[in-house]
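The values are calculated or read from the model by the stated rules, or taken from the named source; none is laboratory data. Keep in mind the model is a prediction, meaning the values are calculated, not measured. Please note: Cβ atoms are built from the backbone with ideal geometry, for glycine as well, and neighbour counts cover all protein chains shown. Side chains are part of the model used for accessible areas, which takes the heavy atoms of the whole protein and leaves out ligands, DNA and RNA. Shrake-Rupley method; radii C 1.70, N 1.55, O 1.52, S 1.80 Å.
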Amino acid sequence: MTKLRIGVIGAGSIATAHLDAYAAHPDVDLIAIADINLDRARAVADRYGAARAYDDAHELLAADDIDGVSICTWNDTHALWAIAAIEAGKHVLVEKPLSRTVAEAVEIEKAAASSDRVVQVGFVRRHSPNCQVLKSFIDAGELGEMYYAKASLIRRMGNPGGWFADK
């Protein structure tokens, strides 16, 4: 199997979860880090063994030796970078939220539909064992017809309030 060659856009705190996972995966080569702070991009690239660091993510997206990117930037840039990455021919893992608006999400969907790239939002809970068991019950019809659901949010580090928890 050929290794998946990855670039990460954004070297802030959430990028650590992506970088740790890539570093632990035997079928991934971490190629480059881009961040508006070049010193931080270089430090993160050095820490994780990435060959290159950029202060302009467009340069990372132009690289032919990168198959996919993780977008770990501020929320207000997720749509911008997701669309740019798809248009550059990269697979995309974008942190949540996907976008600020439905219109932005639709633009990402259009870009993805016109490409052969995989685009995934980092909803980590959907892959957790308890969610997979619940999904298997639903798929098997064991819960009957679903007509109502209630959800709440839990944050292990406390609720920061403001926009982060504003439904």
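Before moving on, here are some points about what is shown:
- Within the stretch 49-60, the set of residues being surrounded by 22 or more Cβ atoms within 10 Å (Cβ to Cβ) and not in a strand (DSSP E or B) comprises A50, A57, L60.
- Looking only at the stretch 104-126, residues that are farther than 15 Å from A21 by Cβ, out of contact with any helix residue (DSSP H, G or I) (no Cβ under 7 Å at 6 or more places or on another chain) and not in a helix (DSSP H, G or I) come to 4 in all.
- For D64: the one exception among (1) farther than 16 Å from G7 by Cβ; (2) surrounded by fewer than 17 Cβ atoms within 10 Å (Cβ to Cβ); (3) not polar (S, T, N, Q): (1)
- Only residues that are more than 20 Å from Y22 (Cα to Cα), part of a loop (DSSP other than H, G, I, E, B) and within 13 Å of the chain's Cα centre (by Cα) were counted in the stretch 61-90, giving 1.
- Of all residue pairs spaced 6 or more apart or on separate chains, those with beta-carbon atoms under 9 Å, a first member in the stretch 120-134 that is more than 23 Å from I86 (Cα to Cα) and at pLDDT 85 or above and a second member that is of a type in the set (K, R) and not in a strand (DSSP E or B) are C131/R125; Q132/R126.
- Every condition in (1) assigned to a helix (DSSP H, G or I); (2) open to solvent by 40 Å² or more (accessible area, probe 1.4 Å); (3) touching a residue at least 60 places away in the same chain (Cβ under 8 Å) holds for L93 except the one numbered (1).
- Tally of residues being of a type in the set (G, A, S) and surrounded by fewer than 16 Cβ atoms within 10 Å (Cβ to Cβ) across the stretch 96-114: 3
- Within the option set R5, R40, being assigned to a strand (DSSP E or B) and among the basic types (K, R) holds for one residue only, R5.
- The residues in the stretch 36-75 that are among the basic types (K, R) and at positive phi can be counted, and the count is 0.
- Unique residue being modelled with pLDDT of 95 or more and surrounded by fewer than 16 Cβ atoms within 10 Å (Cβ to Cβ) when the list is D29, D46, D35: D46
- Of all residues in the stretch 12-21 being touching a residue at least 40 places away in the same chain (Cβ under 8 Å) and open to solvent by 10 Å² or more (accessible area, probe 1.4 Å), the one that is nearest to the chain's Cα centre (by Cα): H18
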